[in-house]
Amino acid sequence: MADAALPVETDRIVITADGGGTGLGLGELVRYRDLLVVLAYRDYRVRYAQTFLGLMWAFLQPAATLLIFSVVFGRAVGIDTGAVPYPLFAASGMAVWSYFAYVLGQSGTSIIGAQEMIKKIYFPRLVIPLSKAVVGFVDFGITSLLILGMMLYYRILPSPHFAFLPLFALAGILAALAVGIWMSALTIRFRDFQHVVPFLVQVGLYATPVAYPASLVTEAVPRWAAVVYYLNPMAGITEGFRWAILGTAPPGALSFLSVGVTFVLLVGGLYYFKSVERTMADLV
Amino acid sequence: MTTIPEAAIRVEGLSKRYAIGRAVHGSFREQLAELLHLGAAKRVEDFWALRDVSFQVPRGEALGIVGRNGAGKSTLLKLLSRITYPTSGRIEICGRVASLLEVGTGFHPELTGRENIFLNGTILGMSRQEVRQRFDEIVDFSGVAQFLDTPVKRYSSGMYVRLAFSVAAHLEPEILIVDEVLAVGDAEFQAKCLGKMDSVAREGRTVLLVSHNLGALRSLCTTGILLDRGRLVTQDTMGRCIEAYAGIKNRYADTAIVDRTDRTGTGEVVFTDVAMVSGTSPDGIQASGSDFVLEFELHKKTPEPNRRVLVWFQVMRDEEVFFTGNSELYGPLELSRPHHRVTCTIPRLPLFAGRYEVRIFLMVDGRRSDYLEHALAFQVDDAPFFPGGRTPTEKDGVLVDQIWLVE
């Protein structure tokens, strides 16, 4: 019996006006994990459906950005990246940043985009922004391949801190989810956030040490401004990610601030999402 | 866990309120304005879609829900399906639920039939494993096997609906909640769906069904509930519920338009009367192919003139036959006096013999000002529509006037 595998608590549901207690209901997500996978697959398939270049786009976009960065910041500005060639330096930052930007951009409008489903059937709504984080893995994988290719080309070995890479990758995923969950819930309530998301992505690219080392900023500004700089969760995470791959400057004490902000945003986001979840069908 | 509860669904004092007359998705500016009491306060009206509804559905029973449009049927199903949540009251459901408020929820046009089966199946609450197990049955039932790897955007609407229903039909819940999904597909497929529903009900599963197809309700359901304007009128056998429902429909139809209370809208301009002045009124019989004239009496309650007023009406015969209004030809009306009479003539009424109903709508400045269902009923009698004297015998759709030329 396939049904026997389902947990027992789904067999009795009580629906009341004041909600289902204080829990986040994350356990239910486990039951809906297949939906998460299938929705991510759908997004992936639809994204490049009927495009001539297909998956090549996932490669071309970061490659083009990288080229511009290399010309402008690498050659023209001449940013000092130590022993690491500039293109590789920028690519390692791009990998985490473009994942973050993709997930943020997609999940911001994800609930509105799924309104037809939301008005017709029950499922934990969190599955929708979560599925965007899964689709982003495709881009993340492609930019990672790009980095690998460049490392082979420049004959650069991974840094000795390589073991920390999964940790910073995970932090990047959580940061993307944290902000994405906030935006998806806020956009339902206030459509203004549809305009906020592209703005965040645009500004964030320059407020994050993607094209330059964080020290360039932190050494030029007073201490309080450096603290503000690291309130951006991606600041510390991008630095850490690059350090783990290339052995550039290690993430400083302020990087923990970024990780802390990520954690606070994530937990806060989950609770905020939960509070909006029940009214989503009435609001969209 | 020692006692097995008798009722599969227990609903107690269930109410759902919606705020109308205000955009629900706010913007910061609106919220700020509200906080600071800037500008004129927007009128917010409460609308009770459901009011203090209580009933129980014993395990294994098939229950039909009837009521006019706006009676609260859909709201009730949405609450039972956890799509929206009650304002007050309580629902207790024992058993694994599947709710079908539409077929093909989540279907994506770019994906193939095969992919959509998995997508739709998991949305309906199946695991991929369960979909895989039932995959062949689903495909067989749908009859679209040879198009499985074609994107569904290339499907005909019939194929699309058949595939969508097939996925839904292979859910194996203990409680099935269904909204009007039987009204899809061709007659043959509908019969197949009804058969499936019937076997589901016979297997001892609990079924809740909303449908305007009273025949289907009568044959599938043993008991029913009747809702009217958000309240539960009766819970009884399905047959008696349908009788009571017919009673409600007639009661509204017998009341003069001006006294009707079952209307929705802002009420700035309202209908005070509507009459068919052609044919052999007062018995309201119209010959097919003769000129058809409807007369609307309007009352403007606000003093400002020059409102952009649209009068629409929808001619129904179970389903919509046609829908038209003054803006189609002339643009909005401008009303200056408190009372106006508006007349619409349809030359050579292209309807087959039968009984028709009219719904009437009034829009003022883009907002619904007045809306009434069952505003008028009329009978069309057979008459030779075409000069040749022969009248087609089909019972649905419309007669089409035409000119042929042979060269």
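For segment B:56-66, the criterion of being among the polar types (S, T, N, Q), under 30 Å from B:Ile360 (Cα atoms), more than 7 Å from chain A (Cβ to nearest Cβ) and not in a loop (DSSP other than H, G, I, E, B) is met by no residue.
Condition first: touching a residue at least 12 places away in the same chain (Cβ under 8 Å), part of a loop (DSSP other than H, G, I, E, B), of a type outside the set (Phe, Trp, Tyr) and out of contact with any Leu (no Cβ under 6 Å at 6 or more places or on another chain). Can you find one or more residues in segment B:239-250 that meet it? No, segment B:239-250 has no match at all. Of all residues in segment A:166-187, those that are surrounded by fewer than 22 Cβ atoms within 10 Å (Cβ to Cβ) and under 26 Å from A:Pro124 (Cβ atoms) total 5. In segment B:252-296, the qualifying residues are those that are within 27 Å of the chain's Cα centre (by Cα) and of a type in the set (Asp, Glu), and the one that is modelled with the lowest pLDDT is B:Asp254.
Being surrounded by fewer than 22 Cβ atoms within 10 Å (Cβ to Cβ), at pLDDT 90 or above and within 14 Å of chain A (Cβ to nearest Cβ) is the requirement here; does B:Glu172 meet it?
Working: surrounded by fewer than 22 Cβ atoms within 10 Å (Cβ to Cβ): yes; at pLDDT 90 or above: no; within 14 Å of chain A (Cβ to nearest Cβ): yes.
When the stated conditions are applied, B:Glu172 does not pass them.
Filtering segment B:76-116 down to residues that are of a type outside the set (Gly, Ala, Ser), part of a strand (DSSP E or B) and buried (at least 22 other Cβ atoms within 10 Å of the Cβ), which residue is nearest to the other protein chains (Cβ to nearest Cβ)? The extreme case among them is B:Ile93. Out of the residues in segment A:79-115 that are under 21 Å from the mean Cα position of the chain (by Cα) and β-branched (Val, Ile, Thr), which is nearest to A:Val201 (Cα to Cα)? Filtering segment A:79-115 for residues that are under 21 Å from the mean Cα position of the chain (by Cα) and β-branched (Val, Ile, Thr), the one nearest to A:Val201 (Cα to Cα) comes out as A:Val103.
With respect to the stated conditions, B:Gly204 fails to be of a type in the set (Gly, Ala, Ser), touching a helix residue (DSSP H, G or I) at 6+ places or on another chain (Cβ under 7 Å) and surrounded by fewer than 21 Cβ atoms within 10 Å (Cβ to Cβ).
Select from segment B:178-191 the residues that are at pLDDT 75 or above and either buried (at least 19 other Cβ atoms within 10 Å of the Cβ) or outside any helix (DSSP H, G or I) (or both) and list them in ascending order.
Passing the criteria: B:Val178, B:Asp179.
For (1) assigned to a helix (DSSP H, G or I); (2) under 24 Å from A:Trp243 (Cα atoms); (3) in contact with a Cys (Cβ under 8 Å, 6 or more places away or on another chain); (4) in contact (Cβ under 8 Å) with a residue 12 or more places away in the chain, each residue gets a yes or a no:
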position	(1), (2), (3), (4)
A:Pro87	yes, yes, no, yes
A:Ala90	yes, yes, no, yes
A:Ser98	yes, yes, no, yes
A:Val103	yes, yes, no, yes
A:Glu116	yes, no, no, no
A:Lys132	yes, no, no, yes
A:Ile156	no, yes, no, yes
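Being farther than 30 Å from B:Gly215 by Cα, part of a loop (DSSP other than H, G, I, E, B), at pLDDT 80 or above and of a type in the set (D, E, K, R) is a description that does not apply to B:Arg341. Can you find a residue in segment B:131-146 that is under 23 Å from the mean Cα position of the chain (by Cα) and facing another protein chain (nearest Cβ under 10 Å)? So far as segment B:131-146 goes, no, none of its residues is under 23 Å from the mean Cα position of the chain (by Cα) and facing another protein chain (nearest Cβ under 10 Å).
Quick check on B:Leu119: is it without any contact (Cβ under 8 Å) to a residue 24 or more places away in the chain and aliphatic (A, V, I, L, M)? Show your work before the answer.
Details: without any contact (Cβ under 8 Å) to a residue 24 or more places away in the chain: yes; aliphatic (A, V, I, L, M): yes.
Criteria met by B:Leu119.
Of the helices (runs of 4 or more DSSP H) lying entirely inside segment A:194-284, the ones with 3 or more residues being touching a Phe, Trp or Tyr at 6+ places or on another chain (Cβ under 7 Å) are found at A:233-246, A:255-277.
Could you tell me whether B:Gly95 is modelled with pLDDT under 90 and on the phi > 0 side of the Ramachandran plot? Write out each step before concluding.
Values: modelled with pLDDT under 90: yes; on the phi > 0 side of the Ramachandran plot: yes.
It is true that B:Gly95 is modelled with pLDDT under 90 and on the phi > 0 side of the Ramachandran plot.
The values are calculated or read from the model by the stated rules, or taken from the named source; none is laboratory data. Note that this is a predicted model, so its numbers are computed, not measured. Glycine also receives a Cβ, built like all others from the backbone with ideal geometry; neighbour counts cover every protein chain displayed.
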